[in-house]
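The values are calculated or read from the model by the stated rules, or taken from the named source; none is laboratory data. Worth saying up front: this structure is predicted, and the values here are computed from it rather than measured. Don't worry about glycine lacking a Cβ; one is built from the backbone with ideal geometry, like all the others, and counts go over all protein chains shown.
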Amino acid sequence: MDAGMIDAGMIDAGTQTDLAASEARPMDEETFYLLYHRTAAPLRRYLRRILPEPSLADDLLQESYLRFLGAKLSRGMCEEHQKNYLFRIATNLVRDHLSKRQTVPLTTETSSTERLAQRVDRQEDLRRAMEKMKPRERQILWLAYVEQFNHNEIAAIVGAKAQSIRPMLWRARANLADVLRGLGFREAKL
């Protein structure tokens, strides 16, 4: 055995705990600031797209970072894994929140929004279509096409098997196409 390697069976439980604690030290302020600066905007957009109320999205955004800071993460975790972990925390918080509410209104339209809907642009049309979809479909479409996560990352975030993401995305796209047709859109002729 290499002199620099330690066999876990050769050290007592207290020393193992000390070693684990040294690897899972809290994140320093500067590192957290950089992570927050790089991840807050995409995480906020994700939450605002899948939740009916912007204030709720902001609350869950803050709660996601609080839980992230409270987690005992490995000090060597790369930024991509940290970002994925944050999205996973946010997804779980959304799930918890939605499970506590029996019915979730998908739209909070006001008369001013209804007037704007008469002259909507493509972004507004897409938003309306997404609101008619199931929350899980909105999540995976957003993660795949806006955040550009790969199938494995999406699976880790939403708590599904990686092999199931491709058919889930296919069904979500097909459902989005149906919703758009229902709103009066036709397929573009190339």
### Task
Taking the residues in region 44-72 that are assigned to a loop (DSSP other than H, G, I, E, B) and out of contact with any His (no Cβ under 9 Å at 6 or more places or on another chain) as candidates, determine which candidate is surrounded by the fewest Cβ atoms within 10 Å (Cβ to Cβ).
72
### Task
Scan region 28-44 and report the pairs whose first residue is more than 12 Å from residue 83 (Cα to Cα) and whose second residue is among the aromatic types (Phe, Trp, Tyr), with Cβ atoms within less than 7 Å and a gap of 6+ or a chain change.
none
## Note on the structure
Within region 83-111, restricting to residues that are in contact with a helix residue (DSSP H, G or I) (Cβ under 6 Å, 6 or more places away or on another chain) and of a type in the set (S, T, N, Q), the one that is modelled with the lowest pLDDT is 107
### Task
Determine, yes or no, whether residue 50 is within 18 Å of residue 157 (Cβ to Cβ), hydrophobic (A, V, I, L, M, F, W, C) and modelled with pLDDT under 85.
yes
### Query
When the residues of region 155-179 are filtered to those that are free of Cβ contacts under 8 Å to residues at least 12 places away in the same chain and assigned to a loop (DSSP other than H, G, I, E, B), which remaining residue is nearest to the chain's Cα centre (by Cα)?
160
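Results for (1) outside any helix (DSSP H, G or I); (2) at pLDDT 85 or above; (3) β-branched (Val, Ile, Thr), shown as yes or no for each residue.
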position: 113; (1), (2), (3): no, no, yes
position: 123; (1), (2), (3): no, no, no
position: 137; (1), (2), (3): no, yes, no
position: 140; (1), (2), (3): no, yes, yes
position: 144; (1), (2), (3): no, yes, no
position: 153; (1), (2), (3): no, yes, no
position: 186; (1), (2), (3): yes, no, no
#### Entry: Members of region 27-48 that are more than 15 Å from residue 97 (Cβ to Cβ) and basic (Lys, Arg)
38, 44, 45
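Return the residues of region 73-85 that are outside any helix (DSSP H, G or I) and buried (at least 17 other Cβ atoms within 10 Å of the Cβ); say none if nothing qualifies.
The one that is outside any helix (DSSP H, G or I) and buried (at least 17 other Cβ atoms within 10 Å of the Cβ): 73.
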